[in-house]
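Here the structure comes first, spelled out in structure tokens, and everything after it is commentary.
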Amino acid sequence: MARKDRINLLIDHDAVERARRYSARHGTSISRIVSDFLASLPLEEEREIAQLSPTVRRLIGVACGTDVDVYRAYLSEKYGS
């Protein structure tokens, strides 16, 4: 089981009441709702990746291990820069 930490939060009364009603209807706890929400927040690098176009995201990792100087030489030769 994953480690759990106890924290104190100050949350608007109306939001707490809404969370109580939601958790009762869905058979869960407010703690689980908050935990699931926080776990769904993207890490910094995930957010950066999410901002890329779908085409660029598909290319991530394709050139792993490629020597940058070799690639620059290839581009220079190909495009004559």
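Data overview
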| item | result |
| --- | --- |
| Cα principal axis extents for the chain, largest first, Å | 66, 26, 23 |
| Principal-axis tilt of helix 68-79 within the chain, Cα atoms, nearest 10 degrees | 60 degrees |
| Tilt relative to the chain, helix 13-26 - C-alpha long axis, 0 to 90 degrees, to 10 | 90 degrees |
| Residue-averaged 222 nm ellipticity for the chain, from DSSP H runs of 4+ at -39500 (n - 2.57), nearest 500 | -18000 deg cm²/dmol |
| Stokes-Einstein D for the stretch 1-40, Kirkwood Rh over Cα pairs, 20 °C, 1.002 mPa s (µm²/s) | 192 µm²/s |
| Cα centre as origin, Lys/Arg/Asp/Glu Cβ charges: the chain dipole, Debye | 540 debye |
| Nearest-ten-degree value, helix 30-40 long axis tilted from longest Cα axis of the chain | 10 degrees |
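We did not get these values from a lab; they are worked out from the coordinates using the rules stated. Remember, predicted model here, so these are calculated numbers, not experimental data. As a convention, Cβ positions derive from the backbone with ideal geometry for all residues, glycine included, and neighbour counts pool all protein chains shown.
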